[in-house]
Amino acid sequence: MADSISRRDFLQVTAGAVAWVESPFARAGAGVQGAGAATPPAPGVQGDAAVAAGWFDRPMRWVQLTLVENDPGRFDPAFWLDYFRRLHADAATLSAGGIVAYYPTEVPLHYRSAWLGSSDPFGTLVAGCRAMGMQVVARTDPHAARDDVRAAHPDWIAVTKTGEPMRHWANRDLWVTCALGPYNFELMDQIHREIVTKYKVDGIFSNRWAPQGGDCYCIHCQQNFRSATGHELPRTADPRDPVRRAYLEWRKARLTDLWKHWDATVRAANPDARFIPNGPPDLKTAGELAAIQFTDNPARHGLTPPWNNGRRAKEYRSVMGRRPIGGIFSVGVEEPYRWKDSVQSEPEIRLWVAEGTANGMRPWVTKFSGVLYDRRWLPMIERIYEWHFRHERYLRNEAPLARVALLHSEQSATYHAGVAEGDRAGDHMLGMYHALIEARVPFELVHEAFLTPDRLDRFKLLILADAAALSDAQCAAIRAYVDRGGSLLATFASSLFDETGQRRQDFGLADVLGVTFNGRIDGPMQNSYLSLDTESATGSASAPPGGPATATSARHPILHGFDDTSRILNGVFRIDVRPRPGLTFPSPLTLIPSYPDLPMEDVFPRVPHTDTRELYLRDHGSGAGSGSSQGGRVVYIPWDIDRTFWEVLSVDHGRLLRNAIAWATNEPSPVDVEGPGLLDVTVWRQRDSMTVHLVNLTNPMLMKGPLREVIPIGPQRLRIRLPAGTHAKQVRLLTLGTSPRVEQTGGTLTLTVPSIDVHEVVAIDL
Ligand SMILES: [Zn+2]
């Protein structure tokens, strides 16, 4: 773990020793806001804990102003600079060029705003931000061009599947450029060089830099794909098609080359600057290349759950680790009709930003158009940023303290189409994510490309929510983690497919799960149930009596809370499996097969009980690894509990998942929170403190946004386990601004948070 040193401390010790302090663009003499941390140079940036040397980790609050073409001469730069100051913003991303240049560019074919005249609004804003000691990143957008570009270089324009040059879908005066050809590799490269050379900005941030408007069939894409793979461009979007798969991999490689190409140009003009893509080719590449990343997840739309912004933070942190991540959010409504000049309600914006902050993202507000039509958002964002500024030292996280991790598998999402119509891999993840939130379990995501002991062993439990597509090497890494004492909870088709989406004969993790695939997948099943069974002395299942179970004391603890029933809903799909030879399992949950659901006279179980297990539980010995004295355990659930939970949100499935997580983790949680409502709970370590974030997701508009009002919840009773060898010096509730009464017994704090409006942080000085 790279120990961070506060900027103030560091300057006292050795001013000028850190790259960004030496840089001519450092905020020398600037009003130092809080404790911006400079981190000693780390060997590379790939390690989870390593932060790249440079300015990247300093900004805590970002702003983005995206100019529109007629802004020059009409918008007021002084107003914006003053607003940035009032936000305590440390860094700005400002429109520079691409589709429209907002500075007097010399690059031929780089279109200057028709309103530019002799002005330089980009330069004015850069100078103003520099005067306030802010970092500045220039925004470019390469995805569209005008007729003169097409006339001079017809081959720079993207081509549709039917061979037509691609008109822009939203503005018919523009053409969509080919992202993978010379427009980006040559013209945009010159533009980036000019911007960084002229203004010495800290980076270039490109919006919509990957292919837009569908696949491109231009002459360059045809030739480059053919020479790389020997294939013609695919005409199908089916990821199971080998040529399509080759195309997806080629496109990723081409974008990675473009990233490296632009980054080299940017660094040649300013060694402290970087190219920062808006959206990496994939997260693995971001983990390998990026010093800083931004998530473009601006607001909810449709039925997006409010925890979605926190989820995006977790996804990026699964590859970025300790490196900084900015969470781009919009003040406007983000529905398909794209009301770009709109303003959302304050509760909606506050909840969205709180989810990002609680999950380790730094806020980045984005606004389009320098001229404002609706100013209601201005004080809202000021209130959010003021809170953030005031509590910055508790938001500069070093590491999460969660003990549960959920595997984030991009290859399953890309190459696994589900086992049948109606089974989408993403729904398993969503269901598990929601179950973890409801259970108030602090958790992280880990990424399939980085399953190293360094990343895995900080967790006691790894969850595979239908992580269907796993390579042999990934299975081996998970097997080794379990061998080191880690616990595993896997559902459904986890490891039944390889990394390209080809089905295996048996699970890649069959030995770990303790089961063998019988070759059959059932579903969709109508009207099927699960029997909650008591255990006989021999460990085999016995049928419950005709009525509700009575001998509840003989039930497995994983059935805790189901005392008044002998059955619950089954899922919709199930994988037919059998135990591996020589292994014995308890049998708390068995299959009640489907029976007619119509006519009503026929609705009775034809087979009231079977000995087909639908839950496989085992202890696997000592917990030498994973920092726990308790043994590791494995849970395998062969049906789609997570997917069905996401679809129907059965209380019983949520409870069963919570019990399974608790049983498999087999140690006390870092924090227990008891009280009403739906909360996202995260736990963090800072240099001299720890924090527990509580985000109130209890949404008065139920599952659909936007929120109208905040409905406070509480009281919440917390039990917090302090890191080993620490004790609490002071405890504060940052939003309420109070110090709660605290009982400290051994390493455990007990306290009550009386009320939470949107976001409360329990800050514990250690
Ligand atoms: Zn092309």
For the range 50-194, evaluate the Debye formula with one uniform point scatterer on each Cα (no solvent term) and list log10 I(q)/I(0) at q = 0.16, 0.17, 0.22 Å⁻¹, rounded to two decimals. -0.91, -0.98, -1.28
Could you work out [θ]222 nm for the chain from helices alone, using -39500 (n - 2.57) per DSSP H run of at least four and dividing by all its residues? Round to the nearest 500 deg cm²/dmol. -7500 deg cm²/dmol
Measure nothing fancy, just the Cα-based angle from helix 121-131's long axis to the longest principal axis of the chain, in degrees from 0 to 90, nearest 10. 70
Expressed in µm² per second, the diffusion coefficient of the range 428-540 from the Stokes-Einstein equation, with Rh the Kirkwood radius over alpha carbon pairs, at 4 °C and 1.567 mPa s, is 82
Taking the beta-carbon count within 10 Å as an exposure proxy, list 460, 252 from fewest neighbours to most. 252, 460
Under a 5 Å amide H to amide H cut-off, with H placed in plane at 1.01 Å, what residues pair with residue 689 once short-range neighbours are removed? 766
Rounded to the nearest 20 debye, dipole of the chain from Cβ charges on Lys, Arg, Asp, Glu: 1420
Quick check for me: using +1 on Lys/Arg Cβ and -1 on Asp/Glu Cβ, what's the dipole size of the range 652-707 about its Cα centre, in debye to the nearest 20? 180
Report, ordered by chain and residue number, the aspartates and glutamates lying within cross-link reach of residue 729, taken as a straight Cα distance under 13 Å and ignoring same-chain residues fewer than 8 apart. 688, 743, 765
Cβ neighbours within 10 Å, averaged per peptide: list 676-682, 744-750 in order, most packed at the top. 676-682, 744-750
Relative exposure of 684, 663, judged by other C-beta atoms within 10 Å (fewest first): 663, 684
Computed P(r) (all Cα pairs; the range 373-492; 5 Å bins; percent): 2, 10, 17, 17, 14, 11, 9, 8, 7, 4, 1, 0, 0
For the peptides 220-229, 443-452, 94-103, what is the packing order when you average, over each peptide's residues, the other Cβ atoms within 10 Å and list the highest mean first? 94-103, 443-452, 220-229
Suppose we look only past 38 Å in the calculated P(r) of the chain. What percent of the Cα-Cα pairs does that tail hold? 43
Can you flag which of 198/314; 161/200; 161/252; 200/252; 367/704; 460/704 are past 31 Å Cα-Cα? 198/314; 161/200; 460/704
Rounded to a whole number, the Stokes-Einstein D of the range 609-766 in µm²/s (Kirkwood radius over Cα pairs; 10 °C; 1.306 mPa s) is 87
For the residues 119, 113, what sequence is obtained by ranking on other C-beta atoms within 10 Å, fewest first? 119, 113
Over the residues of the range 254-333, compute the C-alpha Rg and express it relative to 2.2 N^0.38 Å. 1.22
How big is D for the range 320-441, in µm² s⁻¹ as a whole number, if Stokes-Einstein is applied with the Kirkwood radius of its Cα pairs at 25 °C and 0.890 mPa s? 141
Give me Rg/Rg_expected for the range 111-270, where Rg uses Cα atoms only and Rg_expected = 2.2 N^0.38 Å with N residues. 1.17
Using θ = phi - 60° and the Karplus curve 6.51 cos²θ - 1.76 cosθ + 1.60, what whole-Hz ³J(HN,Hα) does each residue of the range 337-353 get, with Gly and Pro shown as x? 7, 6, 7, 6, 9, 8, 9, 8, 6, 5, x, 5, 5, 4, 5, 4, 5
With the contact rule set at Cα under 8 Å and sequence spacing of 6 or more, what percent relative contact order holds for the chain? 10
State, as an integer percentage, the relative contact order of the range 668-766 based on alpha-carbon contacts under 8 Å between residues 6 or more apart. 34
Once both axes come from the Cα atoms, what is the angle between helix 472-483 and the longest principal axis of the chain, in degrees from 0 to 90, rounded to 10? 60
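Bear in mind these aren't lab numbers, they're just calculated from the coordinates by the rules spelled out. Please read these numbers as outputs of a predicted model, since none were measured by experiment. As a convention, Cβ positions derive from the backbone with ideal geometry for all residues, glycine included, and neighbour counts pool all protein chains shown.
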